[in-house]
Every structure is written in C-alpha cells, then in structure tokens.
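Here's the structure, in structure tokens; my notes come after.
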Amino acid sequence: MPTQKPAPARLPMVSSDLSVKTAWLYYVEGFTQEQIAEKLDVSRVKVMRTLAACTAEGIVVTMINAPTAEQVALERELEKRWGLNAAVVIPTPSVHDHLEKAIGHAVAAYLGEQMQDGMTLAIGGGATLHASLGFLARRHLKRASVVALVGSLPHSQWINPSIVAAKVADVFEVDSYQITAPVMVDDPSLRDLLWAQPTLQDVRRRAAAADIALLTVGDISPDATIFRHDIVPSSLITPLKAKGAVANMLCYFVDAAGRLVDHEVNRRVMAIDLDVVAHVPNVVLAAGGKRKVAAILAALKAVNTNVLITDSDTAMALLAKAG
C-alpha cells in the first residue's frame, strides 16, 4: 500500500516558448512581475532577466516580435476560455501524418520539465502518447513511479495501452504499476471481480494519488485508434453514436457533455474511472486534429483538465467551435 504524502500542488505554467509567454503576460496582459513569477514558479529576478533578454534580442519592441507569438496568443485564449493552468500550442505540421509525432514531441518536453523526484505519473495509451516515447530523454528519478490507467491487450504490439506506461517508467528508471487484466472483458460482473483483487485495488489507489494524469482522446470513427486496431469492434460505432457518443477516453465512451454514455461496453472496460482521473491535481490532455475537435471539447468537460497540448489549427477550431 502506498505511503501517505501531502496533497500534490499544481504544477507551474508551461508553454511552447516560455520566454515569449513571459513577455506576453507582462507587456500584453499587464501581469506584474510578481504575478508572473508565481505562475511560472520562478523568482522575480528570473522574470526580470527574461524580460530584459526579450528586449535585448528584439523579441519585444513596440509589439511581441517572435515566430511563436501567434502560438502564445492561442495558448492564452485557450487558457482563459477553459480556465487552464497552461496550454501548449505547437505549429500544425504541413503533413497530417506527422501530427501525432509533433504533439508527442511536446508531450515528451512537458514530462521532461515537470516530472521530478517523488512524483507519480498516471498515463493512458494511444498513438499520440506512444509517439512521445521516441523523444523522452533518459533520466533517473528517485521515489517516483508510473501507473497505467488502462488494461492491456492479449496480443502485445505498440498500440497496447500498458506498453506506454512501462516504457515511460523504463526511461525514468522507476517502478511501473499495471492493470493486469484485458482492457475489455466479456462481462461486467467479471470486471467487478477483477477490481476486487487487492493488487488492482492498489493500482487504483496509486492512480488516484498521482501528481500528473496524462491522457489523450479519440473520436468515434473508423480511423480512431480504438476501432482501427479492433480494441473495440467497429460494428459498435453506429450504436455508440446513437447513444450520443462523440469521444473515447481511456476506452470509455462519452457524450458531448463529457458524460459516460449508457452502453454496455462502458461496463466492460478495465481502466481507471474518469471521475477518479478528474480529481488528479494536474490533468494533461494531449490531442490534435480537426476531426477530433468535438472529442476534445467533450474531454475538457469529462475531466478537470489543467494542461492542453495541441496544435495551432486545432486550437483555432476549438475556439471557433466553443464560440
């Protein structure tokens, strides 16, 4: 059983370009240096030096003059619209097939900055999070751990949700805790029996006590990872949509309001409950692509998201859709 520890604190604000964001907060939005230092969890002297460097380097003139200024503007709009602690917006790649890798790179940068000794990361699976593995820098963390939020597949391949947790734990040289059961079981009563096992109860407790929960979201289409790789049969797309499903998170299906749809498949999922994940103090959602806009909007309602990592085209579509 994990030892008791103080309630985790919210993590500092992040960005695609932290220097430009510092300048934006100060010159455009009128935050004081003390307020910015608190948001970024740095000293006021650090803020002063960053602002001075921005001026010396020509980033700040009578306006913020940097290639990433448009991304930072989108980050601030997203942060204010959804009350996020931080948004990270990357440029949308010219080739759509590179989008998952580009967002994965931003996810790896986030984990590299935020994961510290003594922290617990609870993580889902999927193509976007798997893409981050190639960019993670090996580090040795002390007293840290990684907890899988989703069960596994009998046929092990890259898409196996539990693989992401195991590989992230390997990069950080820490212990990983797995849901040692299939991601989908045949009967809800079997799911209940499995969750009654002490080892899985321990995994659930560790996930609930995590410092960071990292997840992605998929839409309800044949191209979605969950259907493309037959984790859930594509024959369920039509009945799930009839129930109002617009997104899948941790293999659960939710409607536009972020609520679980009333479909039997949701009662057979071996994954940490979304309401448990929603109480983790730092919930990070990484997703992009215009076809996922409705799914991302639903995900923002389903869990108490603190950080959104996405691309510029998706960010603009989210803001336009939300009004």
Checked segment 1-26 for anything at pLDDT 90 or above and either at positive phi or of a type in the set (Ser, Thr, Tyr) (or both); matches are Ser15, Ser16, Ser19, Thr22, Tyr26
Residue hits (segment 261-301; without any contact (Cβ under 8 Å) to a residue 24 or more places away in the chain and more than 18 Å from the chain's Cα centre (by Cα)) are Val261, Asp262, Asn266
If you go through Ala127, Ala56, the only one that is surrounded by fewer than 21 Cβ atoms within 10 Å (Cβ to Cβ) and within 15 Å of the chain's Cα centre (by Cα) is Ala127
Those residues of segment 132-175 which are crowded, with 22+ Cβ neighbours inside 10 Å, among the hydrophobic types (A, V, I, L, M, F, W, C) and within 17 Å of Met249 (Cα to Cα) amount to Val147, Ala148, Leu149, Val150, Val164, Ala165
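Tell me, please, whether a residue that is closer than 24 Å to Gly289 by Cα, of a type in the set (Val, Ile, Thr) and assigned to a loop (DSSP other than H, G, I, E, B) can be found in segment 128-139.
The answer is no, given that none of the residues of segment 128-139 is closer than 24 Å to Gly289 by Cα, of a type in the set (Val, Ile, Thr) and assigned to a loop (DSSP other than H, G, I, E, B).
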Would segment 138-145 turn up any residue that is among the polar types (S, T, N, Q), out of contact with any Lys or Arg (no Cβ under 9 Å at 6 or more places or on another chain) and touching a residue at least 60 places away in the same chain (Cβ under 8 Å)?
no
Reported set for segment 14-25 where residues are surrounded by fewer than 22 Cβ atoms within 10 Å (Cβ to Cβ) and under 18 Å from Val107 (Cα atoms) is Val14, Ser16, Asp17, Leu18
Those residues of segment 26-45 which are within 22 Å of Gln114 (Cβ to Cβ), buried (at least 16 other Cβ atoms within 10 Å of the Cβ) and free of Cβ contacts under 8 Å to residues at least 24 places away in the same chain amount to Phe31, Ile36, Ala37
Of (1) at pLDDT 95 or above; (2) out of contact with any Ser or Thr (no Cβ under 9 Å at 6 or more places or on another chain); (3) not charged (D, E, K, R), Ala69 satisfies every one except (1)
Log entry, pairs with first residue in segment 165-187 being among the aromatic types (Phe, Trp, Tyr), second being assigned to a strand (DSSP E or B), beta carbons closer than 6 Å, six or more apart or on different chains, reads Tyr177/Val147
| message | Val185 - would you say it is over 27 Å from Met119 (Cβ atoms) and crowded, with 18+ Cβ neighbours inside 10 Å? | response | yes
From the option list Gly118, Gly124, single residue qualifying as out of contact with any Asp or Glu (no Cβ under 8 Å at 6 or more places or on another chain) and within 25 Å of Val183 (Cα to Cα) is Gly124
Given the condition crowded, with 16+ Cβ neighbours inside 10 Å, in the same structural domain as Lys80 (by TED's automatic domain parsing), of a type in the set (A, V, I, L, M) and within 24 Å of Val89 (Cα to Cα), answer yes or no: does some residue in segment 255-264 qualify? no
Within segment 95-124, restricting to residues that are part of a helix (DSSP H, G or I), out of contact with any strand residue (DSSP E or B) (no Cβ under 7 Å at 6 or more places or on another chain) and small (Gly, Ala, Ser), the one that is farthest from Lys167 (Cα to Cα) is Ala109
Kindly evaluate Ala208 against the criterion of being surrounded by fewer than 24 Cβ atoms within 10 Å (Cβ to Cβ), modelled with pLDDT under 95, under 20 Å from Val164 (Cβ atoms) and not β-branched (Val, Ile, Thr). no
Within segment 57-78, of all residues that are of a type outside the set (S, T, N, Q) and without any contact (Cβ under 8 Å) to a residue 24 or more places away in the chain, the one nearest to Leu18 (Cα to Cα) is Pro67
query = Condition test on Leu297, is it closer than 27 Å to Ile179 by Cβ and touching a helix residue (DSSP H, G or I) at 6+ places or on another chain (Cβ under 9 Å)?
reply = no
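The values are calculated or read from the model by the stated rules, or taken from the named source; none is laboratory data. Bear in mind the structure is a predicted one, so any value in this text is a computation, not a measurement. Please note: Cβ atoms are built from the backbone with ideal geometry, for glycine as well, and neighbour counts cover all protein chains shown.
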